[in-house]
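Reviewing the structure listed below.
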Amino acid sequence: MKALTFLLLMGCSVWAQQLHVDVYFDFDQHELTLNAQSILNLWKKEANAFEVLRIEGYCDWKGNVIYNDSLAQKRIQAVCQYLKTEVDFGMIPKKVVGERFDQLPNQSENRKVSIWYETKKPRAKPQVYDVIKQAKVGDKIRLPTLNFYNNSARLLPESEPILLEVLCALEENPSLKIDIQGHICCQLNGDINDVSTARARAVYLYLIRNKIAKKRLHYSGLGTSDPIYKIPEKSKEEERENRRVEVLIIEK
């Protein structure tokens, strides 16, 4: 399943942003896959807290422009129909992009619909933004509300605010370089599936997508090599504390 994707569009200084959720389609199809339905089901649970700004339909380059525009339009209609009880799309702009955009190498990522929206919820007080800005070289900062789907590197939507804080701290401190370190819990035999590295990489990719230079970032998976609590943990709370992502300040 594709993860929800978040993209910063406005200034960090005011913590204002537009967000988007992407759903993906099979080749030459406009019907929603089960994965797409799952993503929309998750999103619509909080739809009453969102203001939808526009919806966009995309296709890969295969076929001709006219056909792909029609297919993109049908994909938009499929999403609107699925969400019709949560969102009134009547006056919301619908943009048929079709194949007219910079296509990604992985064609499956080009077959999508994007819903752009703003959150109506007030911004929570920053948790790590000031800490990162004030940290010294060698300091480690835990990202406390960074959460993933079970045993995967797919970020939960609730992780977006803390990612935004890290992004803003990097944008406003151009000399800052960090190592993103992933940790897991529970496994006595270590990180067999290398989930800790995949989770650190997910944060790295978020920052890259939002225009942070690669030379300022490094990521690593530490598995269970540096737990806060000895493994096996004695409680769910200890497991949660061990299952984390931290930022190490490399250079300022």
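The values are calculated or read from the model by the stated rules, or taken from the named source; none is laboratory data. Please read these numbers as outputs of a predicted model, since none were measured by experiment. Heads up, the Cβs are rebuilt from the backbone with ideal geometry, glycines too, and the neighbour counts pull from every protein chain shown.
Would you confirm whether or not region 65-77 contains a residue that is at pLDDT below 95 and within 23 Å of residue 37 (Cβ to Cβ)? Within region 65-77, none of the residues are at pLDDT below 95 and within 23 Å of residue 37 (Cβ to Cβ).
Table: residues versus (1) under 22 Å from residue 52 (Cα atoms); (2) modelled with pLDDT of 90 or more.
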| site | (1), (2) |
| --- | --- |
| 93 | yes, yes |
| 126 | no, no |
| 154 | no, no |
| 179 | no, yes |
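For residue 155, the stated conditions do not hold, so it cannot be described as aliphatic (A, V, I, L, M), farther than 30 Å from residue 27 by Cα and under 18 Å from the mean Cα position of the chain (by Cα). Does region 97-108 contain any residue that is part of a strand (DSSP E or B), without any contact (Cβ under 8 Å) to a residue 60 or more places away in the chain and not assigned by TED's automatic domain parsing to the domain that holds residue 193? Yes, region 97-108 contains a residue that is part of a strand (DSSP E or B), without any contact (Cβ under 8 Å) to a residue 60 or more places away in the chain and not assigned by TED's automatic domain parsing to the domain that holds residue 193. Selection within region 52-99: residues that are surrounded by 16 or more Cβ atoms within 10 Å (Cβ to Cβ) and of a type in the set (Phe, Trp, Tyr). The member of this set that is farthest from residue 27 (Cα to Cα) is 89. Taken over region 209-227, the criterion of being under 24 Å from residue 130 (Cβ atoms) and in contact with a strand residue (DSSP E or B) (Cβ under 9 Å, 6 or more places away or on another chain) is satisfied by 216, 217, 218, 219.
Just need a number here: residues in region 198-216 that are buried (at least 19 other Cβ atoms within 10 Å of the Cβ) and either more than 16 Å from the chain's Cα centre (by Cα) or among the aliphatic types (A, V, I, L, M) (or both). Qualifying residue count, region 198-216: 5. Regarding region 65-82, can at least one residue be identified that is in the same structural domain as residue 21 (by TED's automatic domain parsing), assigned to a loop (DSSP other than H, G, I, E, B) and either under 21 Å from the mean Cα position of the chain (by Cα) or free of Cβ contacts under 8 Å to residues at least 12 places away in the same chain (or both)? Checked region 65-82: no residue is in the same structural domain as residue 21 (by TED's automatic domain parsing), assigned to a loop (DSSP other than H, G, I, E, B) and either under 21 Å from the mean Cα position of the chain (by Cα) or free of Cβ contacts under 8 Å to residues at least 12 places away in the same chain (or both).
Rundown of residues vs (1) on the phi > 0 side of the Ramachandran plot; (2) of a type in the set (D, E, K, R), yes/no style:
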site	(1), (2)
151	yes, no
161	no, no
165	no, yes
179	no, yes
187	no, no
193	no, no
199	no, yes
210	no, no
213	no, no
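Being more than 27 Å from residue 18 (Cα to Cα), of a type in the set (A, V, I, L, M, F, W, C) and crowded, with 20+ Cβ neighbours inside 10 Å is true for just one of 195, 166. Which residue is that? Every option except 195 fails the conditions.
Given the residues 165, 172, which is the only one that is closer than 30 Å to residue 47 by Cβ and either among the acidic types (Asp, Glu) or assigned by TED's automatic domain parsing to the domain that holds residue 216 (or both)? Answer to the selection: 165.
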